[in-house]
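Working notes for the structure below.
Just so it is clear, none of the values below were taken in a lab; they were calculated from the coordinates. Please read all numbers here as calculations on a predicted model, not as lab measurements. Virtual Cβ from ideal backbone geometry, glycine too; neighbours counted across all protein chains shown.
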Amino acid sequence: FQRGKLLLPLLLLSPLAFAANDTLPPYTDGSGHAVQSPYDYQRVGTNGPMLLQDFHFIDLMSHFVRERIPERVVHAKGSGAHGYFQVTRDITNLTMAAPFSDGVGTQVPLTMRFSTVAGEAGSPDTNRDPRGFAIKMRTSKGIWDWVFNNTPVFFVRDPTKFPLFIHSQKRDPQTNLRNATLQWDYWSQNQESIFQVMILFSDRGTPFSWAQMNGYGGHTYKWVTASGDWHYVKIRVVSEQGLNNFNATAAKQMIADNLDWNTQELESRIDSGNFPKWTVSIQTMTPEQGQNWEYDINDITKVWPVDQFPLLDVGEIVLNKNPDNWFSEIEQLSFSPANMPFGAEPSNDPVLQGRLFAYADAARHRLGPNHMEIPVNCPMAVSNFQRAGYMRVDGGAGTLPPNSANYPSSFNAPVSFQARPYNLSAIADPIVGPPVVLGSFQLSKKDFEQPNVLWTTNFSDEERESLVDNVIASLLTVPIQNIQQRSLDMFACVNATLGSQIATGIKLTVSSPLSCGA
Ligand code: HEM
């Protein structure tokens, strides 16, 4: 009824305004012709066949069978809401990016989408999975997408691994069933995933509420000031509602009770005026600190400990409006880490670099080449030389601005207003090696250090217990001992106690000697 709403003022002025009463428009086909009733169709006689000339029927049915668009290849199940981001600190000494450059107190509208990763569009909200935490900010200098997860690290640090890793989480191509054997086969042979696997199998893998999760950029980014100084930056979005998770039993029960629990919980919160809020914090490193840090700053399987790189609060996010139409405002959202304003730049993290390509490409496939024309993706004025293509619904370069087809133009073409400061920092980046290198990260003993801190220091007793129970329950469904053994040894590389507790549960012994990377 969105179109109906838009058409209403026109209809009331038009000759079609012969509705049964004065306020409601008449029912029409997609071309605006009034039809007696949506249920009518043309037949030969009372019991004869239908007619090909019945445009109303063909229009109705052919549009219906085209209602589905491809679901996202990952993060297909999700929902979201609208709200705003507010700048709470002057950080122009760190970045010239809007909205920060627009001053403390500046508010920009945003839309957020939360999601699970592996399940299909209709899958349960409370499945064990990381959660997507995507934010689209509409700044005065263009769209800034924060395409985050609710975990500070990621499973892969080489972008080429992503499709294979995702296949291990999706349905088995033969049986079409989810398959724990494939999952543990992947993780136990790509052990840089261990940090994220430990978070996933703790209760943090089953959040109670999207409002009670933190979001993390994960990657290192670069923020550049107007004078060209730059820092490495990590961003996190901390829930003001606190964290809250289901345990495995409660999460499974919720699948039976309410498949769409998280979707409904967020909707009700906002509907009742209980608006969720998050504090946006950053961690920074100078280029020299980045160069001298004990880990590779381009490795997304590592966190920056907050005692070494303290959090600086820079803004607040509030969600205060549910979508009016889920398909237009949530399903058609398309986020891309490549959408950033001046002053924010990608680091050389290869996973981030790979994502810079993948998201707009996914949007071209899912929504078409003019996906940025969809109001929720880019409601602001755009002036460029792109034109035509599927679903182009404005004048393109023909009329916006007038006569702007050439560059330079004798008429009203867009002009360059500022040299783009891109690559300033990339050229100056101290962490760049020889010209071209082919390869991927290699596993090292150091990859188990931060997971060990997670186990010994960050996790509560309860979280340690859940992790062990959940890993045992999953590994017991894996019928191949070799895979169980490799998985067990991976946990033993993190911590001997963790290893021995899992060993007892799955009735195996940790290998001796243990091999935990170079
Ligand atoms: C969704 C690719 C890593 C967070 C997606 C989509 C693709 C994709 C193709 C679907 C996009 C769409 O159809 O609109 C990749 C690749 C990665 C990667 C190739 C690594 C090489 C990550 C990481 C994070 C992340 C590290 C978080 C730090 C998300 C989120 C969504 C998403 C939140 C859902 C966005 C939405 O709500 O529409 N990813 N991804 N991804 N990804 Fe990634």
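Kindly put 219, 63 in sequence by how many other C-beta atoms sit within 10 Å of each C-beta, fewest to most.
Final ranking by Cβ density, sparse to dense: 63, 219.
Kindly identify the chain as rounded, prolate or oblate by the Cα gyration tensor criterion: order the square roots of the eigenvalues as a ≥ b ≥ c, call it rounded if a/c is under 1.5, otherwise compare a/b with b/c, prolate if a/b is larger, else oblate.
oblate
I'd like the isolated cysteines in the chain, meaning no second cysteine's beta-carbon lies under 4.7 angstrom from theirs.
Lacking a cysteine Cβ partner under 4.7 Å: 378.
Report the label-to-label distance for residue 264 and residue 313 in nanometres (one decimal), using points 7 Å from each Cα along the Cα→Cβ vector.
Going from the residue 264 label point to the residue 313 one covers 3.4 nm.
Which FRET efficiency value, to the nearest 0.05, do you get for residue 406 and residue 453 by plugging their Cβ-Cβ distance into 1/(1 + (r/R0)^6) with R0 = 51 Å?
Taking R0 as 51 Å, the efficiency between residue 406 and residue 453 is 0.30.
Place a +1 charge on the Cβ of each Lys and Arg in the chain and a -1 charge on the Cβ of each Asp and Glu, then give the dipole magnitude about the Cα centre in debye, rounded to the nearest 20. Present the calculation step by step, with values, prior to reporting the outcome.
Working: 39 positive and 49 negative charges, 162 e Å.
With Lys and Arg at +1 and Asp and Glu at -1, about 780 debye.
Can you classify the stretch 179-226 as rounded, prolate or oblate using the Cα gyration tensor, where a ≥ b ≥ c are the square roots of its eigenvalues, rounded means a/c under 1.5, and otherwise it's prolate if a/b beats b/c and oblate if not?
Oblate, since a/c reaches 1.5 and b/c is not below a/b.
Given 393, 143, 334, which one lies farthest toward the positive end of the charge dipole of the chain, if we put +1 on the Cβ of every Lys and Arg and -1 on the Cβ of every Asp and Glu?
393
Taking the Cβ of residue 171 as the center, what net charge do the other residues with Cβ under 12 Å away carry, scoring Lys and Arg +1 and Asp and Glu -1?
Its environment carries a net charge of 0.
For the stretch 247-352, report the convex hull volume of the alpha-carbon atoms normalised per residue, in Å³, without decimals. Before the final figure, lay out each step's value.
Working: hull volume 21.2 nm³, N = 106.
Hull volume over Cα atoms, normalised by residue count, gives 200 Å³.
Based on the alpha-carbon gyration tensor of the stretch 182-267 and its eigenvalue square roots a ≥ b ≥ c, which shape applies: rounded if a/c is under 1.5, prolate if not and a/b is larger than b/c, or oblate?
oblate
What are the principal axis extents of the Cα atoms in the stretch 68-200, in Å, biggest first?
Result for the stretch 68-200: principal-axis Cα extents of 55, 36, 24 Å.
Go through the stretch 378-390 residue by residue and turn each phi into a ³J(HN,Hα) via Karplus (6.51, -1.76, 1.60, θ = phi - 60°); whole Hz please, and just put x for glycine and proline.
7, x, 9, 5, 10, 10, 8, 10, 6, 8, 6, x, 3
Determine the relative contact order of the chain: mean sequence separation of Cα pairs under 8 Å and six or more apart, normalised by residue count, in whole percent.
Working: 888 pairs, mean separation 79.2, N = 518.
Rounded, it is 15 percent for the chain.
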